[in-house]
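Below: one structure, written as structure tokens.
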Amino acid sequence: MEERPLTGIGPPGRIAAPGEGIGHDELALAARNHGLPLEAMRYEVTPAGLHYVLVHYDIPETAPDPDTWRLTLRGRLGTPLELGLRDLRALPSVTHRVTMECAGNGRARLSPRPVSQPWLVEAVGTAEWTGVPLRAVLAEAGVAPDAVEAVFTGADHGVERGVEQDYRRSLPLPVGEDVLLAHTMNGGPLPPQHGHPLRLVVPGWYGMAHVKWLRDIELVDTAFGGYQQATAYRYKQSAEEPGEPVTRIAPRALLIPPGFPDFMSRTRVVRPGPVRLAGRAWSGYGPVVRVELSTDGGNGWADAEVLPQGGHPYAWQGWHADWTALPGSHTLLVRATDASGRTQPLEQPWNRGGFGNNQVQAVSVVCR
Ligand SMILES: Nc1nc2c(c(=O)[nH]1)N[C@H]1C(S)=C(S)[C@@H](COP(=O)(O)O)O[C@H]1N2
Ligand SMILES: [Mo]
């Protein structure tokens, strides 16, 4: 359905007051939408159940009748198409290993804090997505010369900031050759929470572009102005300005938490002596070419060893460094730089939506 106003249900977009703690509204979102347990970065490919999850509304009914379920393709196309699950599975498929990250990752660390899903740093995961290149399907249908964008609609429905809507996002045409209609995750059917039976995968882009429960693709001849495109997911300093669209993933490195944790604070405990520090680093703008590590809270930095991409251009890269831990308290920092020259800031990059906060991670370690 078309988006329509449905006001007076939720609060307007809000920035937390100075010192205001996480509220029950944010806690309810955090309990629904889980992150990657950081120790799971030890797996190159994240087991599906450990991959982070972000669902704006409800997970829709995800046991469609394989005989009647259809993906519809319409709009500025030579031939409108309807594809069933068997049709999609019969088409030539490719597999991409893709690191996906929510654009709101890091939001809860911002000050002041935009009130929304309160991610710290854990909204990331890497999966092997198998599916049909969207380009091939569009070529089959024939893209009209005046088509400028493809609009993707999910089967989920809700209301957000006073707008009732289906979850809907667009991509400019032509879409990248790596964009997939994915029916398989890590070799099995998509789990319900990850978009069963079909989702879009847009390697290198933040999560919001990867529309789950995909049921319709419409080619349009004017830029899509829907809520998730034109209002949400924009880098804005004030609510009034249009802002710049959120697109590709900014570089980030994270540490696989060393040693063992304290239950409440998650402070890490390591023994004195040699400690291998390792983690993952990624960027939507090309390979990570450098990871720097500071073991003294940012006074001194040294290069870690970054592993090559190894045939997986859309996936995170491993990195490691050796540290000799001395008794006492330490703050470890890591910073990634990608081939485009983008790097992670030491100061928070603040915007109203809390998007793209890739400020360097600081990990507290006690050596005893
Ligand atoms: N239909 C639909 N697609 C969606 C969403 C949604 O709420 N509905 N959330 C988006 C956001 S914001 C993110 S970060 C990713 C999360 O994908 P995952 O849950 O598979 O990790 O899905 C995207 N695709
Ligand atoms: Mo997201």
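The values are calculated or read from the model by the stated rules, or taken from the named source; none is laboratory data. From a predicted model like this one, the values you see are computed outputs, not experimental measurements. Cβ placement follows ideal geometry from the backbone for every residue including glycine, while neighbour counts extend to all protein chains displayed. Accessible surface is based on the protein model in full, side chains and every heavy atom, while ligands, DNA and RNA are left aside. Shrake-Rupley method; radii C 1.70, N 1.55, O 1.52, S 1.80 Å.
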### Summary
Karplus ³J(HN,Hα) for the range 2-14 (6.51 cos²θ - 1.76 cosθ + 1.60, θ = phi - 60°; Hz, whole; x = Gly/Pro) runs 6, 5, 8, x, 8, 8, x, 9, x, x, x, x, 9
### Task
Quick one: net charge around Ala147, please, counting Lys, Arg +1 and Asp, Glu -1 for every other residue with C-beta under 10 Å from its C-beta.
-3
### ³J(HN,Hα) computed for each position of the range 242-256 - Karplus, 6.51 cos²θ - 1.76 cosθ + 1.60, integer Hz, glycine/proline x
x, x, 9, x, 7, 10, 7, 7, 6, x, 7, 10, 10, 9, 5
### Task
Can you grab the distance from the C-alpha centre of the range 134-201 to the C-alpha centre of the range 1-56, Å, no decimals?
21
#### Entry: Solvent exposure of the range 4-245 as accessible area per residue, Å², 1.4 Å probe
43
### Query
Between Thr324 and Glu82, what FRET efficiency comes out of the Förster formula 1/(1 + (r/R0)^6) with R0 = 45 Å and r the beta carbon distance, rounded to 0.05?
0.10
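Net charge within 11 Å of Asn351 by Cβ-Cβ distance, Lys/Arg positive one each and Asp/Glu negative one each, not counting Asn351 itself?
On the way: positive: Arg107, Arg234, Lys236, Arg352; negative: Glu241, Glu244.
Once all neighbours under 11 Å are counted, the net charge is +2.
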### Query
Which of the peptides 273-284, 295-306 is most tightly packed, and how do the rest follow, going by the mean number of other Cβ atoms within 10 Å of each residue?
273-284, 295-306
#### Entry: HN-Hα J in Hz across the range 215-227 - Karplus 6.51, -1.76, 1.60, θ = phi - 60°, x for Gly and Pro
10, 8, 10, 10, 8, 10, 9, 9, 4, 5, x, x, 4
### Task
Pull out the extension gain between Ala139 and Glu305, defined as 0.36 nm times the separation in residues minus the alpha carbon to alpha carbon distance; nm, one decimal.
55.5 nm
### Message
Quick check for you: which residues of the range 340-361 have the amide N under 20 Å from the point 7 Å beyond the Cα of Ser238 toward its beta carbon?
### Response
350-355
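Whenever you get a sec, compute what percent of the accessible area on the chain sits on carbon and sulfur atoms (1.4 Å probe). Can you show the working numbers first?
Numbers: 8940 of 16360 Å².
Looking at the chain in its full context, I get 55 percent from C and S.
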### Query
Do you know the relative contact order of the chain, to the nearest whole percent, from alpha carbon pairs under 8 angstrom that are 6+ apart?
18
### Net charge contributed by nearby residues that have their C-beta within less than 10 Å of Tyr57 (K/R +1, D/E -1)
-4
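Normalising by the residue count of the range 1-152, find the relative contact order in percent from Cα pairs under 8 Å and 6+ residues apart.
Values: 188 pairs, mean separation 46.2, N = 152.
Worked out over the range 1-152, it gives 30 percent.
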